[in-house]
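First the structure, in the form of structure tokens, and then the observations on it.
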Amino acid sequence: MASGSAANKVKAPHHDAKAPSAPAPKHVPHIDIAGNRFAVLGVPEKLVQLLAAQGVTEPFPIQEATLPDSLAGRDVLGQGQTGSGKTLAFALPLVARLAAKQVAPMRGRPRALVLVPTRELATQVAAVIAPLAAAYKMSTVTVFGGVTHGAQRKAFADGVEIVVACPGRLLDHMKQGDVSLDRIEICVLDEADHMADQGFLPMVKRILDKTPAGGQRMLFSATLAGGVDTLISRYLERPVSHAAAIEAPTLLEHRVLVVEEGDRLREIAKMAREGRVVVFTRTKHRAKQLAKKLEAAGVGAVDLHGNLSQNARERNLAAFSSGKATALVATDIAARGIHVDDVPLVVHADPPMEHKAYVHRSGRTARAGAAGQVVTIATPEQAAEVRMLLKKAGVTATWEGIAVHPGSTAPRAAAPSRSSSRGNTRPPAQPGGRSRQAARSFGKGR
């Protein structure tokens, strides 16, 4: 549940397996919550008070839509764009329902599981859940690769109740006997469309098959298409579906800049010198090389991709979040795995392979009511490919640079037009360009 406020900057994730959030304060001053919409929707008073203490008093549309059903224990499908508040939409019912029937923790047998595709997303989801869970003295752990098993294994042995995990490392722990899922009451799939991709789907099925039938299942994502149907039909029982805040945003502008291949770096460096930017490439090698070339061109740049160690990923993300580096050059891992506020520009240095990746990459800007731009760098030879990509994504963009005729590389007069995007949105802006939810501890969730 991101906010555009400066207080909402993403901090570097901690190396420890425990969720990187401070425990809930021992004493939260009582706040008058009469008429508070979270309370009206059925969120327990203790959680409403905790949210209110952080300045979170009005739910985002996806929260307003899903909370009545999720708090009632129904299986839920939630569709909302990145930055629309999906993390808190499932974190609140998860904690509230566990707290409603508190039982003693058991060694290696957690009660709730959230599956996510990337380490960065695991850390940030846990940062939203942990302070809510701590209010009821429930513990949370993140489980992902790139770090030693020891701290995660100890958390299971201590009786952790809520697990936020990447599938591969969780399966490792299951195989080694560190954890059993036979006590899972609530299971959430975040970025469900990505979790349903062929690379993840077999692992996700193996995990869900080990959870009890009849438990609550919630799937949240910016898009609910493709392989998600396989998961819905196999694991959800009479799910209710909600889509919220997916109409066209007014503050997100899409542009395509057509240049010769030799000019691509110069144009990216020019944009990166003007402010913070997330730059996407198709491959890990391209991300590494482009970051080095931007550094050589005088731009503070860091890379983020799967070949980096966990320490290096955390260090580079911290450098970008703090402003030490103004450009983050990333593969698609970052399209779903990081949430950094105040990023005014996303650049597709390489056009993505498919339209869903375009939507998720573009979601790094125009978050929670803030304005943003998305620029796709393309050569004349890539123009037809980019037109088809934008059509599938439901995006109309302004074309600049070398004029090309639709479907070919023949010159034509590019007709500038304000972009719009069907199905790529953010919660409505408030006066002054700020989000309604001035969250702090909870602001890093989407």
Strands (runs of 3 or more DSSP E) wholly in the stretch 250-313 with at least 1 residues that are closer than 18 Å to T118 by Cβ - which ones? 277-280, 301-304
Here is a check on your reading of the model: is V76 within 25 Å of R206 (Cβ to Cβ), in contact (Cβ under 8 Å) with a residue 12 or more places away in the chain and not assigned by TED's automatic domain parsing to the domain that holds H305? yes
Which number in (1) closer than 24 Å to A127 by Cβ; (2) at pLDDT 85 or above; (3) assigned to a loop (DSSP other than H, G, I, E, B) marks the one condition that D341 misses? (2)
Pairs returned, first residue in the stretch 309-330 that is in contact (Cβ under 8 Å) with a residue 60 or more places away in the chain, second residue that is crowded, with 17+ Cβ neighbours inside 10 Å and acidic (D, E), beta-carbon separation under 8 angstrom, 6 or more apart or interchain, are R313/E120; L317/E120
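Does E354 qualify as being modelled with pLDDT under 90, touching a helix residue (DSSP H, G or I) at 6+ places or on another chain (Cβ under 9 Å) and of a type in the set (D, E)?
Details: modelled with pLDDT under 90: yes; touching a helix residue (DSSP H, G or I) at 6+ places or on another chain (Cβ under 9 Å): yes; of a type in the set (D, E): yes.
So E354 fits the description; yes.
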Which residues, counting only those in the stretch 102-136, are among the β-branched types (V, I, T) and buried (at least 24 other Cβ atoms within 10 Å of the Cβ)? V114, V116, T123, V125, V128, I129
Here is a list: R97, R107. Which entry is on the phi < 0 side of the Ramachandran plot and assigned to a helix (DSSP H, G or I)? R97
With (1) among the basic types (K, R); (2) buried (at least 19 other Cβ atoms within 10 Å of the Cβ); (3) closer than 24 Å to T396 by Cα as the list, and R313 as the residue in question, which single condition is left unmet? (3)
Any pair with Cβ under 6 angstrom, 6 or more apart, that starts in the stretch 42-53 at a residue that is on the phi > 0 side of the Ramachandran plot and ends at one that is surrounded by fewer than 20 Cβ atoms within 10 Å (Cβ to Cβ): G42/L71
Here are the criteria: (1) at pLDDT 85 or above; (2) surrounded by fewer than 24 Cβ atoms within 10 Å (Cβ to Cβ). Tell me which single one I333 does not satisfy. (1)
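The values are calculated or read from the model by the stated rules, or taken from the named source; none is laboratory data. Here the structure is a predicted model, which means the values were calculated and not measured. Virtual Cβ from ideal backbone geometry, glycine too; neighbours counted across all protein chains shown.
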